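The values are calculated or read from the model by the stated rules, or taken from the named source; none is laboratory data. Given the structure is predicted, the values throughout are model-derived calculations rather than measurements. Glycine gets a Cβ as well: all are built from the backbone with ideal geometry, and neighbour counts include every protein chain shown.
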Amino acid sequence: MNDELLGPVRGRGLRTAAWVLYDLANTVYAATLTFLFTPWFGEQQGGLTGLAVVNFASMIVAGLVVPALGALVDHTTRTRRYLTVATLMCILALACWRFEFGTAWLLGCFFVANLAYNLSLLFYNSLLPSVAPPDRAGRVSALGVGVGYFATILVLIVLLELDVAPPNKFPIAGGLFLAFALPCLLLVRDRRRPDAGSTAVAVRAAFRTLKKTLRELPRHPSLFWFLLANFCFVDVLNTAVLFFAELTKSTFAPAAAAGTIELVGIHFDGDDGLLSLIKVCGLSLNGLALVYGLSIGRWTDRAPLAVIATGGIALFGALVGGAMFAGESALGDLLTLVALGAFGLTAIQAAGRKVIVLLAPRDQVGQYFGLYGITLKLSVFGGVIYGVVRDTFDAKAALLAQSPQLLLGLVFLAMVRLPKREGAA
């Protein structure tokens, strides 16, 4: 990638910072979903199967449209405009969780918010080559992931502590999302030249290009195997993000009621103690993810496949450790599910974007991120499995049920080869 694509050197650092800050902004949504909405919804409805099914549906719809949208982005380069629309839709639907008009209303607003959020990720990822050259894409991506986890810390410290009913916190979360997203929406634009033609022509061209890309996919085995591996990894990540707080709450609730939870000499008793434990686990998870994101940037640029493989192994250790220690030992849970899970989350997300940048031709970045987006959006089977197994058995069994696809992802990843000019892991 040359300086013409990246734009003038002056102001490039500001644009990169704005792009990184958007990762913090959209993580406000993910953190609100994990630590506020999901536990609250489970208490109100007496189960999580409905939420898991609607999450599955929203991700399927996103997965069906992101490839065409990725090709459209390449054709029009109106990436910032699309990102702005998707962001505002997500924020509005998130704020509408405030109004308790029944289960159908809540699930409908969740569907819209989740769909818009996942579409925004495509447009956001497609802007990465406009703020970072290929040899620094891994560092910028890892920085974005790390800084993004600061948003979860913000949600845990600010929103979770507010002495108001949970529904009243959702509009505040939407305001935080907007505040941190504005720099990217105002300063970062796609610096590629658009193709000539109207939007209607662009849409038709996008679908034609998508069909061609899909037909040619078997001729690019490394991309094919990486997409399969990423599908498996992200299936577990999506489940972890959605149900982490609920898992901690449901497994440690009996011990909190009995007053037997202890962590480094601190006791967590009753409902207040349980809430404090959730905050400690959440802050530890995201604090470690922030440290990991700031630490693995150079490694991600040198050996992205090794980063992903290590992240996958760490995530498997987190699943096993969580099944062993959740509800039994707060320290054991912290050292396995939290510490290993934080590295898995950071490594797989940061290095995945780097791999796509290495594999994608410069004029097809949006299409490749569209295909990458399929693996992000359709990786929702784990969430449905978790919801059903959790409501049928318990949260530990639901957590352990995520391990087969994770091991399969490691097998697929071993088949990937990166271009020699960039160095393969």
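What pairs come up if the first residue lies in region 285-300 and is under 27 Å from residue 330 (Cα atoms), the second is at pLDDT below 80 and among the aliphatic types (A, V, I, L, M), and their beta carbons are under 6 Å apart, counting only those six or more places apart or on different chains?
Listed pairs, sorted by first residue: 286/153; 293/142; 293/145.
Give the residue, chosen from 244, 268, 252, that is in contact with a Phe, Trp or Tyr (Cβ under 9 Å, 6 or more places away or on another chain) and modelled with pLDDT under 80.
The conditions single out 244.
Return yes when residue 309 is in contact with a Leu (Cβ under 8 Å, 6 or more places away or on another chain) and over 20 Å from residue 357 (Cα atoms) and no when it is not.
When the stated conditions are applied, residue 309 does not pass them.
Name the one entry in 237, 274 that is part of a helix (DSSP H, G or I), touching a strand residue (DSSP E or B) at 6+ places or on another chain (Cβ under 9 Å) and within 28 Å of residue 402 (Cα to Cα).
Result: 274 is the single residue among 237, 274 that is part of a helix (DSSP H, G or I), touching a strand residue (DSSP E or B) at 6+ places or on another chain (Cβ under 9 Å) and within 28 Å of residue 402 (Cα to Cα).
Given the criteria surrounded by 23 or more Cβ atoms within 10 Å (Cβ to Cβ) and closer than 21 Å to residue 243 by Cβ, does residue 314 qualify?
Criteria not met by residue 314.
Between residues in region 351-367 that are more than 16 Å from residue 224 (Cα to Cα) and residues that are at pLDDT below 65 and in a helix (DSSP H, G or I), which pairs lie under 8 Å by C-beta distance while being six or more apart or on different chains?
Sorted first by the residue in region 351-367, then by its partner, the pairs are 362/5.
Condition check: surrounded by 22 or more Cβ atoms within 10 Å (Cβ to Cβ), among the aliphatic types (A, V, I, L, M) and under 25 Å from residue 371 (Cα atoms). Does residue 62 satisfy that?
Taking the combined requirement at face value, the residue satisfies it.
Out of all the residues in region 239-284, which are touching a residue at least 12 places away in the same chain (Cβ under 8 Å) and β-branched (Val, Ile, Thr)?
If the condition is that a residue be touching a residue at least 12 places away in the same chain (Cβ under 8 Å) and β-branched (Val, Ile, Thr), then 239, 241, 248, 251, 261, 264, 278, 280 are the ones that fit.
Being modelled with pLDDT of 85 or more, surrounded by fewer than 24 Cβ atoms within 10 Å (Cβ to Cβ), outside any loop (DSSP other than H, G, I, E, B) and of a type in the set (S, T, N, Q), is that true of even one residue in region 335-355?
Yes, the conditions are met somewhere in region 335-355.
Spot the failing condition for residue 202; the list is (1) out of contact with any His (no Cβ under 7 Å at 6 or more places or on another chain); (2) assigned to a helix (DSSP H, G or I); (3) modelled with pLDDT under 70, and only one is missed.
Here residue 202 meets the rest and fails (1).
In the list 315, 305, which residue meets the criterion of being hydrophobic (A, V, I, L, M, F, W, C) and within 22 Å of residue 223 (Cα to Cα)?
Criteria check complete, one pass: 305.
Here's the yes/no breakdown for (1) within 20 Å of the chain's Cα centre (by Cα); (2) over 30 Å from residue 349 (Cα atoms):
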site: 249; (1), (2): no, no
site: 261; (1), (2): no, yes
site: 265; (1), (2): no, yes
site: 272; (1), (2): no, yes
site: 275; (1), (2): no, no
site: 289; (1), (2): yes, no
